[in-house]
Amino acid sequence: MSTPLVCTPKSLPLHKQVAAARRALKLNPNNQPHPHLISRALAGGPGGPARLALLVGRRWPTAGVSLTVKFLDGPPADLRAHLLLHMNAWGKTANVQFRETNGHGQVRVARLNSPPAMAGYWSYIGTEILDAPADEPTMNFQDFTMDMPESEFHRVVRHEAGHTLGFVHEHMRRELVNKINVKKAIAFFGKTQGWTPDEVRAQVLTPIEESSLLGTAHADPHSIMCYQIPGSITKNGKPIIGGTDIDKRDSAMAASFYPKQVHTLKKGKTTLKHRQKRKARRS
C-alpha cells in the first residue's frame with residue numbers, strides 16, 4: 001500500500017507577498033502579528049516589508065466567509081457536489097460557506113497530476129487566493145474521483161478547505177517540530193513524497209511561530225491541519241497522531257475566528273446578534 005499524498009501549501013512569490021499582506025490586514029486587522037514577532041523580524045537582518053509580510057496572518061473578516069468555487073476541469077456533478085459538501089463541513093460551527101459558480105470563482109479547484117509543481121494536494125492560505133494568478137487553480141486534489149474512499153474526502157478536502165480559510169499546518173508549531181528527528185525526517189519524506197531536504201525543512205521542520213498566536217495555547221496533534229508523523233522519525237519513538245477529520249478543537253477555533261450569528265430570546269422577542277458584537281459590549 002502506497003503512502004498517502006500529504007499537503008504542500010502554495011505560497012505567493014515574494015514580490016506579491018507585501019501586497020497580499022496589506023490586503024489581509026485591510027480585510028481583518030487581527031491578522032497583524034504580535035509586536036514581539038515584528039521586532040524579532042526587524043532584528044533578524046535584511047528583508048524589510050517582504051520579511052514582515054510573511055508574519056501577517058491570512059484570515060478572512062470575522063463577519064464570516066462566503067467564497068465562490070469554480071471547478072476548472074469539468075468534473076461530474078456528483079463529484080462537484082461531494083467536494084463542496086466536505087469543504088462546507090467547516091460551516092457546522094463557523095460562519096463559512098463555499099458556493100459553486102459558473103463565473104470566475106474566488107476558489108478555483110483542479111485535479112492536476114502534472115507538472116510536479118502543480119500536482120498533489122494543496123491550497124493557498126486564506127486571503128492569498130485573491131492574489132493568486134487569475135488563470136490558475138488555488139486548490140488542487142490530484143486525480144480525485146468519486147471512487148476515492150470517503151475517508152480521503154474527510155482527510156484531504158476538509159484539510160485543504162481549512163487552508164483556504166486561513167489555517168496553517170498544526171504540525172509546524174514549535175511544540176511538535178521539536179519532537180521530530182531531522183535526519184530521519186529528511187530521509188522519510190524524501191522516500192515517501194520525493195521531497196528534497198530543503199522541501200522537508202520548509203514543510204515539516206521549520207516552526208511557524210505566529211501560528212501559536214492564531215490557534216490554541218498548545219498544538220493539537222489530532223487536528224485536521226496536522227500531518228500524521230510516524231514514530232520512526234520522532235525523537236521519542238512515539239507518533240504524532242495527526243488528524244483525519246475536523247476535531248473539536250478545530251471546530252472551536254473556526255467558530256472563534258468566524259462566529260455564526262446566534263438567536264437570543266429576550267422578553268419574548270427573538271433578536272439576531274453576532275457573538276463578536278456581544279463580546280464588544282461586555283468589554
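The values are calculated or read from the model by the stated rules, or taken from the named source; none is laboratory data. Because the structure is predicted, anything quoted here is derived from the model rather than measured. Quick reminder, even Gly has a Cβ in these numbers, built from the backbone with ideal geometry, and neighbours come from all protein chains shown.
Before moving on, here are some points about what is shown:
- Among the residues making up segment 154-179, a single one is aliphatic (A, V, I, L, M), in contact with a strand residue (DSSP E or B) (Cβ under 7 Å, 6 or more places away or on another chain) and at pLDDT below 95: L176.
- Sole exception among (1) over 15 Å from the mean Cα position of the chain (by Cα); (2) under 20 Å from P13 (Cβ atoms) for T138, by number: (1)
- Segment 213-230 - residue that is of a type in the set (A, V, I, L, M) and at pLDDT 90 or above and, of those, nearest to H163 (Cα to Cα): M225
- Qualifying residues in segment 217-259 (those that are in contact with a helix residue (DSSP H, G or I) (Cβ under 9 Å, 6 or more places away or on another chain) and of a type in the set (D, E)) - the one nearest to A185 (Cα to Cα): D220
- Qualifying residues in segment 69-112 (those that are surrounded by fewer than 18 Cβ atoms within 10 Å (Cβ to Cβ) and under 17 Å from L130 (Cα atoms)) - the one nearest to the chain's Cα centre (by Cα): Q97
- Taking the conditions (1) at pLDDT 85 or above; (2) over 16 Å from I129 (Cα atoms); (3) crowded, with 19+ Cβ neighbours inside 10 Å in turn, R59 satisfies each one other than (2).
- Among the residues of segment 242-274, those that are assigned to a loop (DSSP other than H, G, I, E, B) and at pLDDT 90 or above comprise G242, G243, T244, D245, I246, D247, Y258, K260.
- Of the numbered criteria (1) in contact (Cβ under 8 Å) with a residue 12 or more places away in the chain; (2) among the small types (G, A, S); (3) on the phi < 0 side of the Ramachandran plot, the one S114 fails is (1).
- Checking G162 against (1) in contact with a helix residue (DSSP H, G or I) (Cβ under 8 Å, 6 or more places away or on another chain); (2) closer than 20 Å to D78 by Cβ, the condition it does not meet: (2)
- For R108: the one exception among (1) of a type outside the set (G, A, S); (2) closer than 20 Å to A21 by Cβ; (3) not in a helix (DSSP H, G or I): (2)
- Taking the criterion of being touching a residue at least 24 places away in the same chain (Cβ under 8 Å) and under 26 Å from R158 (Cα atoms), the residues of segment 223-232 that qualify are S223, I224, M225, C226, Y227, I229, P230.
- Residues within segment 125-178 that are of a type in the set (D, E, K, R), part of a loop (DSSP other than H, G, I, E, B) and without any contact (Cβ under 8 Å) to a residue 12 or more places away in the chain, tallied: 2
- Checking each residue in segment 186-212 for being modelled with pLDDT under 95, more than 20 Å from the chain's Cα centre (by Cα) and among the small types (G, A, S) picks out G190, G194.
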